[in-house]
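Report on one structure; see the data block that follows.
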Amino acid sequence: GAGVSQSPSNKVTEKGKDVELRCDPISGHTALYWYRQRLGQGLEFLIYFQGNSAPDKSGLPSDRFSAERTGESVSTLTIQRTQQEDSAVYLCASRIAGSSSYNEQFFGPGTRLTVL
Amino acid sequence: KQEVTQIPAALSVPEGENLVLNCSFTDSAIYNLQWFRQDPGKGLTSLLLIQSSQREQTSGRLNASLDKSSGRSTLYIAASQPGDSATYLCAVSTDSWGKFQFGAGTQVVVTP
């Protein structure tokens with residue numbers, strides 16, 4: 001079956017522009033996560049969705065970052081007024097369960113964002 | 001705050017040798033632990049998920065153990081192959097939402 005997909009796979013933008021990154025989770029997966037991986041660093045949690053609600057936004061680094069999810073499916077991560085330090089690979093993951101954490105997370109291929 | 005450490009940071013072995021990758025975490029109150037591999041320019045591939053109540057999980061040549069009391073997990077890969085070359089990541093979940101705290105990874109090279 002289809003896995004988690006993300007688009008675009010690569011995005012190059014100029015400093016100060018807004019960008020939107022898309023994630024399509026596995027069908028039926030109610031939980032969705034965004035992480036980012038900056039060059040040479042580990043993965044950092046950004047935000048968690050349960051259905052269309054985001055009970056944990058604790059990892060969003062600034063108010064320039066926002067995310068939404070609709071139809072308990074696709075999610076969009078928006079970065080406004082991009083800065084060079086936003087350059088990273090943004091990864092999306094999904095899993096089946098509701099509030100239980102007993103299920104595997106499945107990751108998409110990521111979006112590589114480069115801010116010039 | 002949960003800290004996850006992976007040692008060694010890099011490892012090179014000849015084909016056929018067994019691999020032993022270590023992961024340690026500071027807060028033993030975990031929900032689960034998941035091992036992933038990451039290939040260059042690619043996303044993460046799930047290898048094994050261990051629930052907090054489990055001691056180990058096995059899949060083919062892979063075996064992962066979990067010792068919560070000592071804050072450790074070990075991933076064993078038997079009879080390594082060049083195709084096992086990748087970065088291996090350990091991730092720990094310490095809340096009911098399931099968000100992960102990741103280690104920095106162990107970069108593995110298996111030489112033919």
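Just so you know, all these numbers are worked out from the coordinates, no wet-lab data involved. Since this is a predicted model, take the numbers as computed values, not measurements. Every residue, glycine as well, gets a Cβ built from its backbone with ideal geometry; the counts of neighbours run over all protein chains shown.
Data for the structure
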| item | result |
| --- | --- |
| Cross-link table A:LYS11/B:LYS99; A:LYS11/B:LYS1; A:LYS15/A:LYS57; A:LYS15/B:LYS1, entries beyond 29 Å C-alpha to C-alpha | A:LYS11/B:LYS1; A:LYS15/B:LYS1 |
| Residue-count net charge about A:TYR48 - beta-carbon cut-off 12 Å; Lys, Arg +1, Asp, Glu -1 | +2 |
| Neighbourhood charge, 12 Å Cβ-Cβ cut-off, centred on A:THR76 and excluding it, Lys, Arg +1 and Asp, Glu -1 | -2 |
| Charge tally in the Cβ shell below 12 Å around B:PHE102, where Lys, Arg are +1 and Asp, Glu are -1, B:PHE102 excluded | 0 |
